[in-house]
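Trainee: The structure is given below, and queries will be raised subsequently.
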Amino acid sequence: MQNDLEQFSSAYHQIHSYIAILLCVFGVLGNSLNIFILTRKKMISTMNILLTALAVFDGLKSAVHLPYIIVVYYIHSVSHSPTGKARYIMFYAIVAIVFHTASIWLTVSLAIFRYIAVKFPLRGVTLCSKYRAKLTIFIVCVAAVGVCLPNSLSYSYVRHDSDDISNETRWGVKMMLEAGDYSFVQRLNMWFLSLIVRLLPCLLLLVLSILLIQELRGAAKSRPKLTGQCNSESDDIIERRTETNRTTGMLVVVVVLFIVIELPHGILILLLAISSDFWNFDIYISIYESLGDLIDDITLMNNGINFVIYCTMSKKFRDTFMEMFCRNAMSKYTPTGIRNI
């Protein structure tokens, strides 16, 4: 088992940087398009305000990860700034988890808002207002910073004196494991990362996704009754419910994908927090470090995949995208005389 993991880790490490760079570029571009489309005047709604905030943090995660990959894999010279590389790694280690935590809890907020809107359509207009969506974003941002404070105290610079003739001093970043007063901070950080950042959101999303699926099934059962009524009012109701179900189904896909990606990682971090053996012996090295590159790439893929989901499952998003980009591109190359006909 251990040898297989080591062989896999060694082989995957060779291509990890290329895959990560492609995923980062895709994440930045995809989330930029999400923000651009979701902020159009006709697209503004409570759900789209939350989706826009989610796109912002997903895009920021990809944006800070791209220089991190370049710094770690492709910048080896330290002649200009001995601590520059270590400083960015420290910055990334602190900031990336804040963005990730905010993204996770915004996903939970989306599921809660959507369930209230579907389950209680009349009260949902008040409970899920645009103002409350913006307030939720603010609360999530503040809470994410607070939860990640132990993480910011869990890293330190480490100096490596070179043995070669260049006599260069290199700096790196490491976790302060069992270092006196920092052992408590590190243990608290692991509990926060496992419970608050990973497992609790996954459990909430699992429950909410089941509830949303039940609502979708209930809507599917009631649709034949409305279809049998041939009048304009029933047609309007069917059209509204169809759009509502599409949006709900799209959100369920986003949530389920998030659970599949985040839950195994959260369980692994929880095991690290519970057992001190994970810090010092082969279990941590063979499992967590061996799968680290793969976990990073899967998380990066999740950062940018929402654009594909929106285009596939949301007709309104797709139509807005086509209207904004495809039609503008066609009109640009259409002769003036034809355009004026």
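The values are calculated or read from the model by the stated rules, or taken from the named source; none is laboratory data. Keep in mind it's a predicted model, so treat the numbers as computed, not measured. Heads up, the Cβs are rebuilt from the backbone with ideal geometry, glycines too, and the neighbour counts pull from every protein chain shown. Ligands, DNA and RNA are stripped out before the accessible areas are found, and what is left, the full protein with its side chains, is counted by its heavy atoms. Shrake-Rupley method; radii C 1.70, N 1.55, O 1.52, S 1.80 Å.
Trainee: Considering VAL98, VAL64, VAL72, which residue is within 22 Å of VAL308 (Cα to Cα) and assigned to a helix (DSSP H, G or I)?
Mentor: Answer to the check: VAL64.
Trainee: Can you find even one residue in the stretch 153-162 that is under 22 Å from LEU205 (Cα atoms), surrounded by 13 or more Cβ atoms within 10 Å (Cβ to Cβ), at pLDDT below 85 and not small (Gly, Ala, Ser)?
Mentor: Among the residues of the stretch 153-162, not one is under 22 Å from LEU205 (Cα atoms), surrounded by 13 or more Cβ atoms within 10 Å (Cβ to Cβ), at pLDDT below 85 and not small (Gly, Ala, Ser), which makes the answer no.
Trainee: Right, here's the next one. Which of the numbered conditions does ASP297 fail, given that it passes all the others? Conditions: (1) modelled with pLDDT of 85 or more; (2) more than 24 Å from CYS202 (Cα to Cα); (3) among the acidic types (Asp, Glu).
Mentor: Among (1) modelled with pLDDT of 85 or more; (2) more than 24 Å from CYS202 (Cα to Cα); (3) among the acidic types (Asp, Glu), the lone unmet condition for ASP297 is (2).
Trainee: Does any residue of the stretch 69-76 turn out to be within 24 Å of GLY124 (Cβ to Cβ) and open to solvent by 40 Å² or more (accessible area, probe 1.4 Å)?
Mentor: No, that holds for no residue.
Trainee: Also: With the requirement that a residue be more than 30 Å from ASP293 (Cβ to Cβ) and either among the aliphatic types (A, V, I, L, M) or under 15 Å from the mean Cα position of the chain (by Cα) (or both), what does the stretch 38-68 give you?
Mentor: Of everything in the stretch 38-68, those that are more than 30 Å from ASP293 (Cβ to Cβ) and either among the aliphatic types (A, V, I, L, M) or under 15 Å from the mean Cα position of the chain (by Cα) (or both) turn out to be LEU38, MET43, ILE44, MET47, ILE49, LEU50, THR52.
Trainee: Something else about it: Six or more apart or on different chains, Cβ under 9 Å: which pairs go from a residue in the stretch 92-119 that's over 17 Å from ILE213 (Cβ atoms) and open to solvent by less than 10 Å² (accessible area, probe 1.4 Å) to one that's among the hydroxyl-bearing types (Ser, Thr, Tyr) and part of a helix (DSSP H, G or I)? Could you list them?
Mentor: LEU106/THR136
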